[in-house]
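Trainee: Sending over a structure as structure tokens; questions will come in a sec.
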Amino acid sequence: MEGVIEMLPKSLASLLGDNFYTVAAPAAAGLAAAYMLYSWRQGRDLPPGPVGLPVLGRLPWISRNQMHRSMMKICQQYGDISSFYLGSRLVIVVNSYPLMKEMLDSQMFSGRPQLRLFKKLTRGCGIIFTEGDVWNQQRRLSLRTLRDFGFARKRTVEMVDEQLDSMFNGFDEIAALYEPVQLLETFLLASNAIVAEMTLGQKFEADDPAMKLVNAIVKKLIEDGIIQGVEFLFPAMERLADLVPASSSLVSDTERLHDMIRGQIRKREAVMKDESVEPQCLCDAYIKEKRQAETAGDFETFKEHQIIRVTMEFFLAGTDTTARSMEWLLLYMAFYPEVQDRVQNELDSVVGQSRRPRMQDRTELHYTSAVIDETYRKASLVGTGVFHRSVEDATFHGYRIPSDAIIIPLVYGVHHRAEYWERPNEFYPEHFLDDEGRYRSSPYLIPFLIGRRSCVGESLARMEIFLFFTAIMQRYRVRPEPEFAARKEEILAGSIGAFVFPGDYQVTMDRR
Ligand code: HEM
């Protein structure tokens, strides 16, 4: 304790001197008691959870790159619905399927955190960051256009086929050089090209400056969690985010991307002038809806910035997610060669080598379908879900959930609960097979989340991933490079940023 006195400013220390125990200690105890009383009053009736530090909350205890696992531990200790502060934000973590379903089905918990930076980028338009009527209208229209131009379209299968052709050329060239393949980059190019054609109605070459811009900005938005972090954790300091240079460059880069999309919309408007032309892409569908709405006097619902944002958000939500799911699938195959053997044997017997696999084959590819689902489960790409917000004060299962609390649907937790899965911590495709070896789905598999805001691109993503995966497995054997083979556990354990990603690795692809 004398050491503490030495650390105090001289004047204060001399003032306290021998009185330290009679003045400072009770003052410190008083402050601590006041803080505990304040925390207790703040925390009354909230879901249970650990107490944190003033200002920082539980931040020092949450491992930044293992956040999904830290949160699961909290829920295991405090309950399926737990609460604590991250900075000055109250977060509510939900870790059980029935509670998550009830919450995410409710309008009360279907908001999104309203960050100043996002408002600046979106100007209140789009789907991912909006709420209320705007969200409802844009979500409905994008679901419809995704059905018309996305997964339900013959053209989408052709697009996947074209991407497979160029992917295979790349894999063959690299295999001839005995070099490792860049899985993520390869799949990003392919998923970008598909979203670009579906939204903007034009084919873009991989080295097109527009595609390079899209790639760079999506990467920035996904990886620059820290900028949003200041604002997210300490909403009172949100204006500080403007001072972070990366934040303002993000805004100007995003504006450049908006301009690129605007230019493309102009081209489609020229094509769509002829009213007999049927819409060919998302932009066309919006242009048509816009005309109809404007004829009826509505100049707001489909204003240009809406089209721009929805297009941009399809890139944001639909490219990295699909590419990273493919990366995980091939990594699991590389590290589980016996599972890869079974997938390839099944493909050989159901499809053979004379044609590529088709969606219709899925009903016979039981083991392959189980492997895809088990990879969604085990990798849990969107480990901490996409955050929701309670839009008003609410009571949920007897707990108080204040307006503006952050709701975290812990996908990773549901995917790893012993009550739902026979071997939660193993890669075990049998989770999705019945006793006869036939594929069976599970309600507890929620990679696209559930409820009112669940992923609008789920069917498209599932289709792309099935077609890419089966065609690649039909033709190539994937293997880890020898120096990475021994690091299987560490690579597959991964860490979390915006998504759960694997540790560093290298794999090779050889023609079968
Ligand atoms: C494997 C690939 C994908 C995964 C794992 C995935 C996962 C998710 C998840 C977890 C959410 C959050 C749902 C919620 O907040 O409740 C979401 C939302 C969304 N996804 Fe996906 N997604 C994928 C592919 C796609 C694709 C291909 C598109 C479109 C082309 C897309 C468009 C969207 C949009 C627009 C939202 C926002 C929905 C809303 O806020 O109402 N996603 N996705």
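Just so you know, all these numbers are worked out from the coordinates, no wet-lab data involved. It should be emphasised that the depicted structure is a prediction, and the values quoted were computed from it without experimental measurement. Quick reminder, even Gly has a Cβ in these numbers, built from the backbone with ideal geometry, and neighbours come from all protein chains shown.
Trainee: How far is helix 183-200 tilted, in degrees, relative to the longest principal axis of the Cα atoms in the chain, given as a value from 0 to 90 rounded to the nearest 10?
Mentor: Once rounded, the angle reads 80 degrees.
Trainee: On C-alpha positions alone, give me the angle between the axis of helix 67-78 and the longest principal axis of the chain, in degrees, nearest 10.
Mentor: 60 degrees
Trainee: If I take R0 = 51 Å and measure r between the Cβ atoms of Glu131 and Ser354 in this structure, what FRET efficiency does the formula 1/(1 + (r/R0)^6) give, to the nearest 0.05?
Mentor: Computed FRET efficiency for Glu131 and Ser354: 0.50.
Trainee: Quick one: length gained pulling Glu205 to Leu184 fully straight, 0.36 nm per residue minus the C-alpha distance?
Mentor: Length gained between Glu205 and Leu184: 5.8 nm.
Trainee: How far apart, in nanometres, would the label points at Tyr444 and Leu177 be if each is projected 7 angstrom from Cα along the Cα-to-Cβ direction?
Mentor: 4.5 nm
Trainee: Can you give me the relative contact order of segment 45-511 as a percent, contacts being Cα pairs under 8 Å and 6 or more apart?
Mentor: Relative CO of segment 45-511 lands at 23 percent.
Trainee: Could you work out how far apart the two model spin labels at Arg511 and Asp434 are, taking each label as a point 7 Å from the Cα in the direction of the beta carbon, and quote it in nm?
Mentor: The modelled label-to-label distance comes out at 4.1 nm.
Trainee: Here's another thing I want to ask about it. Which net charge results when you count Lys and Arg as +1 and Asp and Glu as -1 among the other residues whose beta-carbon is under 14 Å from that of Ser106?
Mentor: Neighbour charge sum, excluding Ser106 itself: -1.
Trainee: Amide H of Arg400: which non-local residues (sequence gap of 5 or more, or other chain) have their own amide H closer than 5 Å, using H built in the peptide plane?
Mentor: Amide H neighbours of Arg400, under 5 Å, 5+ apart: Leu46.
Trainee: Follow-up. Alpha carbon centre of segment 478-505 versus segment 100-163: separation in Å?
Mentor: Taking the Cα centre of segment 100-163 as reference, the centre of segment 478-505 is 31 Å away.
Trainee: Would you please give the FRET efficiency between Lys119 and Ala493, computed as 1/(1 + (r/R0)^6) with r the Cβ-Cβ distance and R0 = 22 Å, to the nearest 0.05?
Mentor: 0.05
Trainee: I need the calculated FRET efficiency for the pair Asp504 and Glu338, taking r as the beta carbon distance and R₀ as 22 Å, to the nearest 0.05.
Mentor: 0.35
Trainee: Looking at segment 343-421, which GluC sites (Glu not before Pro) are DSSP coil and have at most 11 other C-beta atoms within 10 Å of their C-beta?
Mentor: Listed in order of number, the matching sites are Glu419.
Trainee: Multiply the residue gap between Glu255 and Asp298 by 0.36 nm, knock off their C-alpha separation, and tell me the result in nm, one decimal place.
Mentor: Going from the current span to full extension adds 12.9 nm.
Trainee: As a check on your grasp of the helix formula, calculate [θ] at 222 nm for the chain: sum -39500 (n - 2.57) over DSSP H runs of n ≥ 4, divide by the residue count, round to the nearest 500.
Mentor: Here the helix-only value at 222 nm equals -17500 deg cm²/dmol.
Trainee: Now, a different point. In the structure displayed, which of Lys220/Lys273; Lys154/Lys203; Lys119/Lys212; Lys267/Lys303 lie more than 27 Å apart, Cα to Cα?
Mentor: The answer is Lys220/Lys273.
Trainee: For the chain, give the share of DSSP beta bridges that are antiparallel, in percent and rounded to the nearest 5; count only bridges with both residues there.
Mentor: Within the chain, antiparallel bridges account for around 85 percent of the total.
Trainee: Continuing with the same structure: Go through Leu433, Thr363, Asn215 and say which Cα lies farthest out towards the positive end of the charge dipole of the chain; charges sit on Cβ, +1 for Lys and Arg, -1 for Asp and Glu.
Mentor: Of Leu433, Thr363, Asn215, it is Asn215.
Trainee: What do you get for the angle between helix 132-149 and the principal long axis of the chain? Use alpha-carbon atoms, 0 to 90 degrees, nearest ten.
Mentor: It is inclined by approximately 20 degrees.
Trainee: Magnitude of the Cβ-charge dipole of segment 45-131, K/R +1 and D/E -1, about the Cα centre, nearest 20 debye?
Mentor: 560 debye
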